[in-house]
Amino acid sequence: MSELSAEDSKIITLARSARARTGAAEGAAVRDDTGRTYAACTVDLPSLKLSALQAAVAMAVSSGADDLEAAAVVTAEDAVRDADLAAVRDLGAKAPVLVAAPDGTLRTTVQPG
């Protein structure tokens, strides 16, 4: 696996921080086409349930982002759920999704297509 860029390392760090801050199952962060970043964690309320990636994409959309450059999720799971990939693709059809372990180690990168 190639070395991560500083910007990709940043969104993994943001995702880890969101997860650690709340004790959530997952943390995620996305970077839009202007370089702005949005971090979120799993939302598990009685009336609202969002994965961390869905919440991060929602934050980007609600802030006016038009496109995503990249996304990252920190999770104990081995893969990204289809619904999470769909949320990323809705806003960033070309955005790679970095999947990292809770310690921040990159497990895989899901490329578009």
In the chain, carbon and sulfur make up what percent of the accessible area (probe 1.4 Å)?
-> 52 percent
Ratio Rg/Rh, restricted to the chain and using Cα atoms, in which Rh is the Kirkwood radius | 0.93
Around C41, what is the net charge, scoring Lys/Arg as +1 and Asp/Glu as -1 over all other residues with Cβ under 11 Å from its Cβ?
-> +1
Applied in sequence order to the range 99-113, the curve 6.51 cos²θ - 1.76 cosθ + 1.60 (Karplus, θ = phi - 60°) yields integer Hz couplings, x standing for Gly and Pro, of 10, 10, 6, x, 7, x, 5, 5, 8, 7, 10, 8, 8, x, x
Label-point separation (nm) for K49 and A83, each offset 7 Å from Cα along Cα-to-Cβ?
-> 0.7 nm
Roughly speaking, what is the stretch gain from D33 to Q111, that is 0.36 nm per residue apart minus the C-alpha to C-alpha distance, in nm to one decimal?
-> 26.4 nm
So what's the Cα pair-distance distribution over the range 68-113, bin width 10 Å, in %?
-> 31, 56, 13
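The values are calculated or read from the model by the stated rules, or taken from the named source; none is laboratory data. Values in this document were obtained by computation on a predicted structure and should not be read as measured data. Positions of Cβ are backbone-derived with ideal geometry, glycine not excepted, and every protein chain shown enters the neighbour counts. Note: accessible area is taken over every heavy atom of the protein model, side chains too, but ligands, DNA and RNA are not part of it. Shrake-Rupley method; radii C 1.70, N 1.55, O 1.52, S 1.80 Å.
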